[in-house]
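K.L.:
Can you keep this structure in mind? I'll have questions shortly.
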Amino acid sequence: MNAARCANRDEGEPTEEELMALGGHHQAHPPSMHRRKRAVLQGSKWSVIDLSWKISRYPSDLPPSGVLKDISKAFRLWSKVTPLNFHFKPRLKASEINIDIRFDSGCHGDEECHDFDGEVKSNNQFGNTLAHAFYPQWGGDIHFDEDEEWNVNTTIGCSVFIVAAHEIGHSLGLNHSETASAMMQPIYPPYRPNHNLHEDDIEGVQALYGSRRREEDRDEEIIKNATDLCIEPSIDGIGIIGNEITFFKKKFYYKIVENGIGIKKGYPKLITRDFEGVEGPVDAVLTANRDRTYIFQGKYYWKFFGTEGDNYKRKISDNFEGIPSNIDAAFQMESKGHHSTYIFKGNDVWKFSDPDYFPRGIKPKKIDQIFSGLPSDGIDAIFQARTKSIYAFKKSKYWRLNSETLKV
């Protein structure tokens, strides 16, 4: 019986275009060898460390947000162990992108027509070929078989995350490995929610690009020179990320220990390291419903789930009609089971319900019309703690407000 696998050929297998190494060879297990092959390099690599990618065609039966989240997660596996940085650029044309990702069916326009075979409907199994990828010198693009039963974050169907992580390895220049637990072994493995790179995968990709250690050393030197949050206590923004109070200041972010006294070990960290595309200082941070975080900077904003986000800028005017650029602060308040969201700019405050559904035509009110006791010339940051109390900050001062009366 044939096993579901990647369509890229194994090292040493006959091929008409050895460097591209795409085709329809299907087998249940990798070819036996007297000497066990470990990481195998295809021979080409990217000459830059900043690589752009997009999904130009999504599967028809899955929400795009779930597919984007899984493929973003797959790219992060490889960026964590190399100096490579992957940037999601959905608005660029496919011809302008380093790695273009598509879900296609059958003969889908590749040279030599590297057909997909679809799902085996008779016994509800995967088809023999799930996906294939081009090596760097051939463009790095990745194609998934649209007709497979794809899924995200579940044992049902074929995991977008696992297959994407494998194909990205090919896009970076890795061939198949015979190490059974390696991400680059050619046979689709059983689903595991925390599927990660094997040391064999890491050894292979670092042979091409080196490790991230040098970049981390540089970051650590920058962090050593970060201003202590308590010595210079002004704050750019505050969010509740992963149920933890998170302060943003200049190029860094800090997590506060659970009792609220002191900085959590391992912080500060560079904002740009964990919030892709954002480089501080930021203007404001807004956490909505404890799971979505919006980071505002100039005339743009980013939306993240934890630190996983859409990874590209949107204009504030695209979603928040009437809200000016360079806002001062933002937060969402919960009271009696209802959520209210506020955006501050100078003495003006806009109030609405959900940041994803910003109403048209709302007019701002003055700060003292809503929040009694806050400075009339604006604030720097604001958030609601677990105690439901509201804390507002301006330079070295802070104010605590009652969430029922909105008074200091």
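The values are calculated or read from the model by the stated rules, or taken from the named source; none is laboratory data. None of the values given here were measured: they were computed from a predicted structure. All Cβ positions, even for glycine, are placed from backbone atoms using ideal geometry, and neighbour counts span all protein chains on display.
K.L.:
Looking at (1) over 28 Å from residue 273 (Cα atoms); (2) among the aliphatic types (A, V, I, L, M); (3) surrounded by 19 or more Cβ atoms within 10 Å (Cβ to Cβ), which is the only condition residue 392 fails?
P.N.:
(1)
K.L.:
Kindly evaluate residue 252 against the criterion of being within 19 Å of residue 333 (Cα to Cα), out of contact with any Lys or Arg (no Cβ under 6 Å at 6 or more places or on another chain) and either surrounded by 21 or more Cβ atoms within 10 Å (Cβ to Cβ) or modelled with pLDDT under 80 (or both).
P.N.:
Numbers: within 19 Å of residue 333 (Cα to Cα): no; out of contact with any Lys or Arg (no Cβ under 6 Å at 6 or more places or on another chain): yes; either surrounded by 21 or more Cβ atoms within 10 Å (Cβ to Cβ) or modelled with pLDDT under 80 (or both): yes.
Answer is no for this residue.
K.L.:
Here are some residues: 226, 165, 180. Which one is modelled with pLDDT of 90 or more and either touching a Leu at 6+ places or on another chain (Cβ under 8 Å) or part of a loop (DSSP other than H, G, I, E, B) (or both)?
P.N.:
Working: 226 fails: modelled with pLDDT of 90 or more; 180 fails: modelled with pLDDT of 90 or more.
Step by step, each of 226, 165, 180 is checked, and only 165 is modelled with pLDDT of 90 or more and either touching a Leu at 6+ places or on another chain (Cβ under 8 Å) or part of a loop (DSSP other than H, G, I, E, B) (or both).
K.L.:
Across the stretch 262-294, which residue is surrounded by the fewest Cβ atoms within 10 Å (Cβ to Cβ) among those that are among the hydrophobic types (A, V, I, L, M, F, W, C) and in contact with a Lys or Arg (Cβ under 8 Å, 6 or more places away or on another chain)? Don't jump to the end; show me each part of the working.
P.N.:
Here is the first cut: in the stretch 262-294, the residues among the hydrophobic types (A, V, I, L, M, F, W, C) are 263, 270-271, 275, 278, 282, 284-286, 288.
Next, only the ones that are in contact with a Lys or Arg (Cβ under 8 Å, 6 or more places away or on another chain) stay: 263, 270-271.
Numbers: 263: 15, 270: 18, 271: 24.
So, considering only residues that are among the hydrophobic types (A, V, I, L, M, F, W, C) and in contact with a Lys or Arg (Cβ under 8 Å, 6 or more places away or on another chain), the one surrounded by the fewest Cβ atoms within 10 Å (Cβ to Cβ) is 263.
K.L.:
Just to confirm my filter: which strands (runs of 3 or more DSSP E) fall fully inside the stretch 282-382 and include at least 2 residues that are under 26 Å from the mean Cα position of the chain (by Cα)?
P.N.:
Details: elements: 284-288, 292-297, 300-305, 329-335, 338-345, 348-352.
Fully inside the stretch 282-382 and qualifying: 284-288, 292-297, 300-305, 329-335, 338-345.
K.L.:
Here's a follow-up. Go through 177, 171 for me and flag whichever is closer than 17 Å to residue 102 by Cβ, among the hydroxyl-bearing types (Ser, Thr, Tyr) and buried (at least 20 other Cβ atoms within 10 Å of the Cβ). Even if it seems obvious, please write down each step before you answer.
P.N.:
Numbers: 177 fails: closer than 17 Å to residue 102 by Cβ.
Answer to the check: 171.
K.L.:
Test each condition in (1) touching a residue at least 24 places away in the same chain (Cβ under 8 Å); (2) of a type in the set (D, E, K, R); (3) closer than 21 Å to residue 212 by Cα for residue 76 and report the one that comes out false.
P.N.:
Just one mismatch for residue 76, condition (1).
K.L.:
For residue 387, work out the one condition from (1) in a loop (DSSP other than H, G, I, E, B); (2) in contact (Cβ under 8 Å) with a residue 24 or more places away in the chain it doesn't fulfil.
P.N.:
Every listed condition holds for residue 387 apart from (2).
K.L.:
Check residue 354 against each of (1) closer than 22 Å to residue 248 by Cα; (2) of a type outside the set (Lys, Arg); (3) touching a residue at least 24 places away in the same chain (Cβ under 8 Å) and name the one condition it does not meet.
P.N.:
(1)
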